Amino acid sequence: MCCFSLFDLVVVSVPDSIALYPLNSQYQTREAYNRQPMGTTGANVSLAPGPKGEPRGSYQFPGQNDSYIEFPNNGGLNVGRSITMLCLVYMDTSGVSGPLFSYNNPPRGIRLGIKSGKLRTRFNEGIHLNTGQPLEPKLWHYVGSSYNHETGKASLWLNGTEVAERNIGNTITLATEQIARMGATENPEGERFKGRITAMQVYNVALTAEQINEVKVAGRGRS
């Protein structure tokens with residue numbers, strides 16, 4: 001006999017992303033559906049093994065001023081009110097600091113990054129969230145942050161679980177009008193990420209935990 005009914009099957013509906021960068025040899029720095037301009041790399045960025053050990057399945061950032069990917073923003077990356085940013089990240093060593101995806105709108109630009117090995121996000125000047133413990137180096141982690149303008153709730157996500165949350169109010173406007181970068185910002189004195197990044201996704205809504213887990217594989221350019 002069948003052990004479950006059709007009512008037991010839960011379909012998770014996920015809104016379309018505004019940008020999905022698989023960041024592998026197939027797509028390189030192109031957006032998966034050509035909705036955004038192709039990213040450009042600094043001189044010191046190269047393809048590297050991905051989360052499943054696949055060759056050229058991510059991008060390596062050695063932690064230098066010219067180790068970055070810059071994503072042009074012709075308005076397509078501008079979310080305005082709510083946001084979710086997700087990616088897979090691998091730190092080469094402990095204590096790493098640097099941007100994973102950072103809008104160049106100082107000092108208000110939205111940023112998902114690593115600070116002294118801890119996952120960190122900035123939604124506006126002086127509004128931050130951090131994980132309590134550093135991420136373990138030499139392992140892949142599925143990380144992200146979200147902000148829901150309707151509820152005012154900001155969240156940090158680690159491997160599909162909400163690990164930090166804060167109500168920052170619903171009166172802020174997210175500064176996402178300018179270019180975005182990963183690995184290194186334009187500030188020559190800024191922090192520089194050392195490790196690998198792949199499967200970058202951006203949404204103009206705050207995804208739920210179920211939706212965040214649903215799109216983990218999709219972020220690598222697969223249906």
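Quick notes on this structure:
- Residue identified as touching a residue at least 60 places away in the same chain (Cβ under 8 Å), touching a Pro at 6+ places or on another chain (Cβ under 8 Å) and of a type outside the set (S, T, Y) among V96, V14: V96
- Taken together, E186, E177, E165 contain a single residue that is open to solvent by 30 Å² or more (accessible area, probe 1.4 Å), in contact with a Gly (Cβ under 9 Å, 6 or more places away or on another chain) and charged (D, E, K, R), which is E177.
- Residues being in a helix (DSSP H, G or I) and open to solvent by 50 Å² or more (accessible area, probe 1.4 Å) - total across the range 204-219: 3
- Hey, R192 open to solvent by 20 Å² or more (accessible area, probe 1.4 Å), under 12 Å from the mean Cα position of the chain (by Cα) and either within 26 Å of E54 (Cβ to Cβ) or not basic (K, R) (or both) or not: no
- Candidates R56, R111, R81, filtered to the one that is open to solvent by 10 Å² or more (accessible area, probe 1.4 Å), among the charged types (D, E, K, R) and within 15 Å of the chain's Cα centre (by Cα): R111
- Scope the range 135-162; condition outside any strand (DSSP E or B) and either open to solvent by less than 70 Å² (accessible area, probe 1.4 Å) or farther than 24 Å from G53 by Cα (or both); matching residues: L135, P137, H149, E150, T151, G152, G160
The values are calculated or read from the model by the stated rules, or taken from the named source; none is laboratory data. Note that the coordinates shown come from a computational prediction; the quantities given were computed from them, not determined experimentally. Don't worry about glycine lacking a Cβ; one is built from the backbone with ideal geometry, like all the others, and counts go over all protein chains shown. The protein model used for the area step is the full one, side chains on, heavy atoms only, and it has no ligands, DNA or RNA in it. Shrake-Rupley method; radii C 1.70, N 1.55, O 1.52, S 1.80 Å.
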